[in-house]
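Here's the structure, in structure tokens; my notes come after.
The values are calculated or read from the model by the stated rules, or taken from the named source; none is laboratory data. It should be emphasised that the depicted structure is a prediction, and the values quoted were computed from it without experimental measurement. Every residue, glycine as well, gets a Cβ built from its backbone with ideal geometry; the counts of neighbours run over all protein chains shown.
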């Protein structure tokens with residue numbers, strides 16, 4: 001991947017469809033509520049997504065979410081995402097998702113994915129995986145990731161998963177308070193820690209952690225920029241301008257919509273290139 005030949009690098013896209021296994025319909029109430037919340041049930045294949053970003057002259061990071069322990073849905077295989085990235089290495093990088101409850105077996109999987117499949121980072125979703133990010137249970141997995149100084153990306157704030165379902169589907173929002181990442185940033189200071197999304201209702205906590213810990217980044221996915229909290233834009237324009245990352249949450253938000261709203265959301269011209277690709281390029285050592 002040549003960072004100089006693209007206009008943007010989307011750090012946050014989802015693998016929604018497996019080519020080797022059918023969609024798992026276990027707990028359909030979560031799928032239905034998710035589609036209603038985001039007003040979309042479009043599920044492109046991984047290759048369709050790579051082709052689409054290539055047409056846009058953009059690159060992307062893609063991952064699935066392993067929520068087998070807490071939600072009980074079969075995950076899309078990490079190897080499938082990684083192999084798609086290897087076939088589309090001009091525009092695509094793979095992050096993996098491993099449920100931390102898998103312990104040492106999960107750590108073994110992480111090492112294999114890094115060494116044999118070129119995985120460049122790891123995605124965690126504390127709410128749907130059912131864990132506090134600073135729980136020592138997850139450290140078997142973190143320690144392998146830290147050996148390679150790879151990024152760890154954590155969902156933060158409110159979650160579309162479970163929204164509107166009775167009892168929220170049993171999913172706890174409090175797991176995704178970004179303040180829990182303060183401990184992770186201390187214990188793994190050489191790993192980039194990415195706080196995903198505007199972290200409503202804990203935006204100030206996310207900004208505080210990023211201000212205090214120089215290995216912490218914030219990705220701007222999951223919301224249209226026109227809805228970003230004012231303080232997030234303020235810090236993106238000033239003290240955290242080198243640690244803000246473009247992300248969409250594709251296919252839930254398209255890069256066309258995100259970029260259109262980005263232009264009028266109050267970001268200074270001098271910070272835009274860094275947000276769109278420069279900061280991510282340095283973090284990923286592209």
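Values computed for the structure shown
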{"item": "Filtered residue count, region 135-161, keeping only those that are in contact with a strand residue (DSSP E or B) (Cβ under 9 Å, 6 or more places away or on another chain) and free of Cβ contacts under 8 Å to residues at least 12 places away in the same chain", "result": "0"}
{"item": "Options 63, 52, 95, 26; residue that is surrounded by 20 or more Cβ atoms within 10 Å (Cβ to Cβ) and free of Cβ contacts under 8 Å to residues at least 60 places away in the same chain", "result": "95"}
{"item": "Number of positions in region 162-204 that are touching a residue at least 60 places away in the same chain (Cβ under 8 Å) and part of a strand (DSSP E or B)", "result": "2"}
{"item": "Filter result for the condition that a residue is at positive phi and surrounded by 15 or more Cβ atoms within 10 Å (Cβ to Cβ), over 219, 182, 249", "result": "249"}
{"item": "Every residue from region 127-140 that is part of a helix (DSSP H, G or I) and either under 22 Å from residue 199 (Cβ atoms) or under 17 Å from the mean Cα position of the chain (by Cα) (or both)", "result": "127, 128, 129, 138"}
{"item": "Region 144-156, subset part of a loop (DSSP other than H, G, I, E, B) and out of contact with any helix residue (DSSP H, G or I) (no Cβ under 6 Å at 6 or more places or on another chain), residue surrounded by the fewest Cβ atoms within 10 Å (Cβ to Cβ)", "result": "149"}
{"item": "Boolean, residue 277 is under 17 Å from the mean Cα position of the chain (by Cα) and either at pLDDT 95 or above or under 14 Å from residue 11 (Cβ atoms) (or both)", "result": "yes"}
{"item": "Candidate set from region 98-118 (those that are more than 14 Å from the chain's Cα centre (by Cα) and assigned to a loop (DSSP other than H, G, I, E, B)); member that is surrounded by the fewest Cβ atoms within 10 Å (Cβ to Cβ)", "result": "118"}
{"item": "Which listed residue is touching a helix residue (DSSP H, G or I) at 6+ places or on another chain (Cβ under 9 Å), under 17 Å from residue 20 (Cα atoms) and surrounded by 16 or more Cβ atoms within 10 Å (Cβ to Cβ), from 78, 88", "result": "78"}
{"item": "Subset of region 157-170 (residues that are at pLDDT 90 or above, under 13 Å from residue 27 (Cα atoms) and crowded, with 17+ Cβ neighbours inside 10 Å)", "result": "162, 165, 169"}
